Amino acid sequence: MASLATFRVETRAWLDENCPPIMRTPAPADETVWGGRDPTWKFPEQKLWMDRMAAKGWTLPTCPKQYGGGGLSLEEAEILAEEMNALGCRSPLQGMGQTMLAPVLIEYGTEAQKQEHLPAVIKGEIRWCQGYSEPGAGSDLAGLQSRAVLQGDHFLVNGHKIWTSNAHYADKIFCLVRTDPTAKKHEGISFLLIDMAQPGVRARPIRLISGASVFCETFIENVQVPKDNLLGEINKGWTIAKRLLEHERKSIGGIGARQSQRADMPMQDIAKLHAGEAGGKIADPTVRQNVATFQMDAAAFQLTRKRAADEAEAGRPPGPMSAMFKYYATELNKRRYETILAAEGVQGMGWDGEDFKPDEIRWTREWLRSKANTIEGGTSEVQLNIIAKRVLGLPD
Amino acid sequence: MALVLSEDAQLVRDQAMDFFREKSPILALRKLRDSNDADGFSRALWKEMADLGWAGFVVSEESGGSGFGMVGLGQVLEAAGRTLAASPLISTALIGASALDIAGTQAQKSAYLSGLLAGDVITALASDEGAHHAPDSVATIARADGDGFVLDGRKSFVLDGHVADLLIVSARTEGGITLFLVPTNAAGVTVQRRIMVDSRNAAIVTLAGVRVGANAVLGGVGGGAGLLDRLLDRARVGLAAEMLGSSCEAFERTVQYLKERKQFGVAIGTFQALKHRAAQMFAEIEVTRSAVLAALVAIDEGSTETPALASLAKAKANTTFNLTSSEGIQMHGGIGMTDEHEIGFFLKRSRVAEITFGSTGFHGDRYAALMGY
């Protein structure tokens with residue numbers, strides 16, 4: 001334990017010395033650092049902070065050092081996160097390469113694949129996107145139809161993916177493809193790593209109800225993918241796909257934690273502003289009760305995340321509670337914006353124009369965006385099915 | 001504060017689970033109800049609980065307890081909640097023991113504490129006066145009289161009132177609210193047992209010209225509101241732990257039934273309409289468990305967050321127990337409506353526990369006020 005205490009002290013000192021002041025301020029959504037072959041920087045400190053953290057491997061803290069990672073234990077990584085949180089340090093680099101692909105690369109990749117892809121993720125040189133859903137395969141993901149045919153040293157891939165987040169900015173895509181159309185649907189799927197900078201790969205942004213276009217349709221037409229870019233065994237990709245989804249759920253399950261660090265007006269202040277204030281209280285009793293109910297549920301959920309972390313730190317076997325994180329976090333986030341909108345009244349109904357404050361329009365757009373939370377990464381209904389089956393043991 | 005049970009607390013939990021399953025299953029509550037038992041609980045069993053040290057968990061070692069704390073007592077209460085065990089754990093081991101330990105004078109401790117720890121003295125908090133939990137609304141008056149006080153008033157919902165030896169009474173005095181230790185056999189005290197839907201103990205206590213000495217004051221004169229709030233927060237969290245145990249039991253019994261009951265040729269647990277609701281209950285129980293544990297830990301650590309966490313724990317326990325007991329009936333179908341089946345006992349207990357020490361609305365309002373809105 002003494003060494004953990006030392007690690008904490010040294011980490012704090014290093015962060016304090018190396019994190020530029022502007023990177024210790026709350027990050028607006030449009031200042032997230034994604035990296036990639038052709039990154040955009042709003043100011044040079046973003047790159048400086050990313051490079052410094054990457055040099056220590058702390059953009060992927062628990063990845064082994066031989067691949068450029070931080071080589072930290074789970075306890076050390078938790079301390080790093082706590083110390084970054086305490087100093088208000090922004091995330092140096094974000095993306096699906098770190099949160100989703102890297103863990104399965106470490107678990108299933110060949111030595112050559114790890115050497116090729118992990119350092120590039122850690123240094124922010126390659127930005128990844130996720131090729132999972134298809135127009136005909138949403139919740140029934142294993143019903144996917146994109147085809148890959150092995151031809152000598154390469155696969156010939158033809159397919160149509162949808163809801164590929166930020167594919168129009170991504171350099172590479174990790175993709176589920178069908179390699180055996182005659183097998184049962186879960187048994188003919190493979191996991192391919194595809195470079196998007198080649199003819200035949202095209203990403204088309206989709207305009208959403210929020211007005212934004214973070215999702216794309218991605219078309220793959222007669223693209224040759226080297227055989228070496230197959231992760232794991234051929235036709236055994238479903239196991240990897242599921243494991244990656246667990247990592248995705250974990251990162252979405254953290255949605256509330258990230259939100260609480262963001263610069264935003266507290267919900268109760270929004271409510272006081274629009275629903276009136278009397279004697280220090282929100283004047284409208286229904287709005288006040290709704291705010292309190294939401295805040296209490298959010299607090300109880302945060303305590304549940306803390307309980308899971310504390311149990312892990314104490315070396316207890318993982319309990320079943322993490323199965324509900326994705327479901328609960330996303331349902332809460334939808335309620336957050338419903339509560340804000342209800343408190344704002346007509347000021348929450350704005351789309352554009354100067355009679356609405358930028359914050360008000362942003363909350364309205366985020367309210368619309370939040371509706372996707374319980375669809376993407378496995379719908380709430382799929383999450384509940386998983387809990388019913390794996391935790392409660394209810395029959396199929 | 002780490003939200004993890006120590007190994008000692010786990011041992012207490014396991015011991016308490018075995019104890020209640022073996023000695024006080026729901027059948028014991030049914031028998032107390034059907035025999036119109038005069039006490040409404042088993043004095044012999046309470047003595048056994050005291051012998052296990054449970055009455056002294058929140059009493060410091062110098063006062064004769066173990067100082068094991070609220071996390072430990074919370075494990076016992078959760079286990080008691082699983083079998084809906086009737087006992088003076090909350091009225092006496094939690095509220096009475098805390099009151100004397102926190103605010104009792106040496107003389108008060110000498111008079112009552114050893115009896116309480118031995119399971120011989122039962123205490124009861126006489127605070128609420130109306131139909132709803134409202135500790136600030138006190139019409140009971142304590143008029144200064146010579147070197148003592150004369151109390152007049154009516155307390156509407158006193159847990160274990162009719163079996164108590166000692167009442168902790170909130171009354172209005174000059175300067176605010178004061179708490180008094182009043183023996184139930186004092187002249188002018190009338191106790192009338194109430195028959196509640198959950199078959200647990202409660203009473204109306206009437207105080208008519210009850211004369212007590214200055215040595216009956218618990219804490220300071222006029223300074224009782226803060227002490228009462230502190231005791232009530234402990235009671236809220238302890239009851240929330242009990243309700244968590246009851247929720248878990250009702251839920252687990254219901255899930256088991258979903259696996260066994262067949263309709264249309266299949267287990268009804270194959271139906272997605274029921275699976276999803278079961279999974280939602282699982283999630284609510286998990287967040288309730290976190291809120292309860294955080295509140296128990298906060299009390300033991302003397303945290304300033306205790307009031308907010310106590311309201312959070314009680315509010316979540318209220319909604320979760322309401323949900324699991326209601327769904328327990330619905331998912332059991334017709335058999336759940338029968339008195340013979342035990343799932344109905346959880347529904348009856350849930351609503352009484354819900355309004356005890358503050359409804360969901362009460363704690364939502366309190367939480368908002370504590371958070372500055």
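Data for the structure
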| read-out | value |
| --- | --- |
| Exposure proxy ranking, count of Cβ atoms within 10 Å, fewest first, for A:D30, B:D152 | A:D30, B:D152 |
| q = 0.19, 0.22 Å⁻¹, the stretch B:125-221: log10 I(q)/I(0) [Debye, one scatterer per Cα] | -0.82, -1.09 |
| Convex hull projection area averaged over all views, the stretch B:255-373, Cα basis, nm² | 8.7 |
| For the stretch B:312-327 versus the stretch A:363-396, the gap between their alpha-carbon centres in whole angstrom | 22 |
| Whole-number D in µm²/s for the stretch A:164-313 (Stokes-Einstein; Kirkwood sum over Cα pairs; 20 °C, 1.002 mPa s) | 108 |
| Segment A:S165-A:A81, extension gain: residue separation times 0.36 nm, minus the distance between their alpha carbons | 27.7 nm |
| Theoretical ellipticity at 222 nm over chain B - DSSP helices of four or more residues, -39500 (n - 2.57) apiece, nearest 500 | -16500 deg cm²/dmol |
| Label-point separation, B:M371 to A:L4 (7 Å along Cα→Cβ), nm | 3.0 |
| Volume per residue that the Cα convex hull of the stretch A:2-94 spans, once the total is divided by residue count, Å³ | 92 |
| Sparse-neighbourhood loop sites, GluC sites (Glu not before Pro) in the stretch A:309-396 - DSSP loop, at most 11 other Cβ within 10 angstrom | A:E354 |
| Chain A - percent relative contact order, Cα under 8 Å, separation 6 or more | 12 |
| Distance cut-off 36 Å, percentage of C-alpha pairs in chain B lying past it | 20 |
| For the stretch B:242-302 and the stretch A:143-210, distance of Cα centres in Å | 40 |
| Antiparallel %, DSSP beta bridges [both residues in chain A], to 5 | 85 |
| Average other protein chain Cβ within 10 Å of Cβ, residues A:316-325 | 3 |
| Principal-axis tilt of helix A:285-313 within chain A, Cα atoms, nearest 10 degrees | 50 |
| Residue-count net charge about B:A216 - beta-carbon cut-off 13 Å; Lys, Arg +1, Asp, Glu -1 | -1 |
| Principal semi-axes in Å for the stretch A:126-221 [√(5λ), Cα gyration tensor, largest first] | 23, 16, 9 |
| MRE, 222 nm, helices only [DSSP H, n ≥ 4, -39500 (n - 2.57), over chain A, to nearest 500] | -13500 deg cm²/dmol |
| Sequence-separation-based contact order of the stretch B:205-361, relative, with Cα cut under 8 Å and 6+ spacing, percent | 28 |
| Chain A: most fluctuating residue of A:P317, A:P205, A:P181 per GNM, C-alpha cutoff 10 Å | A:P317 |
| Most mobile listed residue (B:T140, B:T356, B:T270) in chain B, GNM with C-alpha springs under 10 Å | B:T270 |
| Dimensions (Å) - the protein assembly as shown, Cα atoms, principal axes, largest first | 99, 63, 56 |
| For the stretch B:7-122, alpha-carbon Rg relative to the globular expectation (2.2 N^0.38 Å, N residues) | 1.05 |
| Top of B:V58, B:V121, B:V292 by mean-square fluctuation, Gaussian network on chain B, Cα under 10 Å | B:V121 |
| Using distinct alpha-carbon pairs, which all enter the 1/r mean, Kirkwood radius of the stretch A:254-391 in Å | 16.6 |
| Positive-end extreme of charge dipole, the stretch B:121-245 - chosen from B:G220, B:A142, B:G130 (charges on Cβ) | B:G130 |
| 10 Å Cβ neighbours from other chains, averaged over peptide B:270-276 | 4 |
| On Cα atoms only, tilt of B:70-82 relative to the major axis of chain B in degrees | 50 |
| Spatial separation of Cα centroids for the stretch A:51-77 and the stretch B:98-140, in angstrom | 56 |
| Whole-Å semi-axes of the ellipsoid equivalent to chain A (Cα gyration tensor, √5λ, descending) | 35, 27, 23 |
| Pair A:E338, B:R194: separation of 7 Å Cα→Cβ label points (nm) | 3.5 |
| Debye log10 I(q)/I(0) at q = 0.18, 0.21, 0.24 Å⁻¹ for the stretch A:118-174, Cα point scatterers | -0.75, -0.90, -0.98 |
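Taken together, the values in this text are just the output of simple stated rules run on the coordinates, not laboratory data. Computed from a predicted structure; not experimentally measured. Note that each Cβ is placed from the backbone with ideal geometry, even for glycine, and that neighbours are counted across all protein chains shown.
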